[in-house]
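*Asks:* The following block contains the structure, expressed as structure tokens.
Values quoted throughout were computed directly from the atomic coordinates according to the rules given, and no laboratory measurement underlies them. Since the structure is predicted, the reported quantities are computational estimates derived from the model, not experimental observations. Here the Cβ positions follow ideal geometry from the backbone for every residue, glycine too, while neighbour counts run over all protein chains shown.
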Amino acid sequence: MTQAQAKDQETTQEKTPQQHHQKAAEHHEQAAKHHKEAAKHYESGDDKTAAQHAHIAHGYSTQAMEQEMEASKKYAKMQGLRK
């Protein structure tokens with residue numbers, strides 16, 4: 001595990017479910033921005049740039065899902081459903 005990964009994991013452990021939801025929302029907003037850019041570029045015939053934006057959007061969507069999962073895990077732990 002790299003130093004950056006260890007720091008991210010440590011930061012994730014300290015976040016509240018609400019903070020995870022906020023980060024998920026931010027990632028979804030970035031994904032939407034890049035999806036809109038991809039659509040514009042596809043429409044103009046610039047498939048390469050469109051694909052780049054689509055790829056970036058996918059990355060943000062993945063990060064959002066990870067934050068959502070962390071929030072769910074913390075809710076479960078708070079409710080005694082998970083150790």
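*Asks:* Where Lys and Arg each count +1 and Asp and Glu each count -1, what net charge lies around H41 among other residues with Cβ under 14 Å from its Cβ? Before the final figure, lay out the partial values.
*Replies:* Details: positive: K33, K36, K40, K48; negative: E37, E43, D46, D47.
Around H41, the surrounding residues sum to 0.
*Asks:* What FRET efficiency comes out for the pair T16/Q52, r = Cβ-Cβ distance, R0 = 35 Å, nearest 0.05?
*Replies:* 0.55
*Asks:* Now, a different point. Highest mean first, how do 49-59, 69-79 rank when packing is the count of other Cβ atoms within 10 Å averaged over residues?
*Replies:* Final packing ranking: 49-59, 69-79.
*Asks:* Now for a different question. Relative contact order for segment 17-81: what percent, with Cα pairs under 8 Å and sequence separation of 6 or more? Display every interim value, and only then the final one.
*Replies:* Values: 61 pairs, mean separation 31.1, N = 65.
Rounded, it is 48 percent for segment 17-81.
*Asks:* Let me ask you something else. List the lysines whose alpha-carbon lies under 16 Å from that of K77, not counting same-chain residues fewer than 8 positions away?
*Replies:* K15
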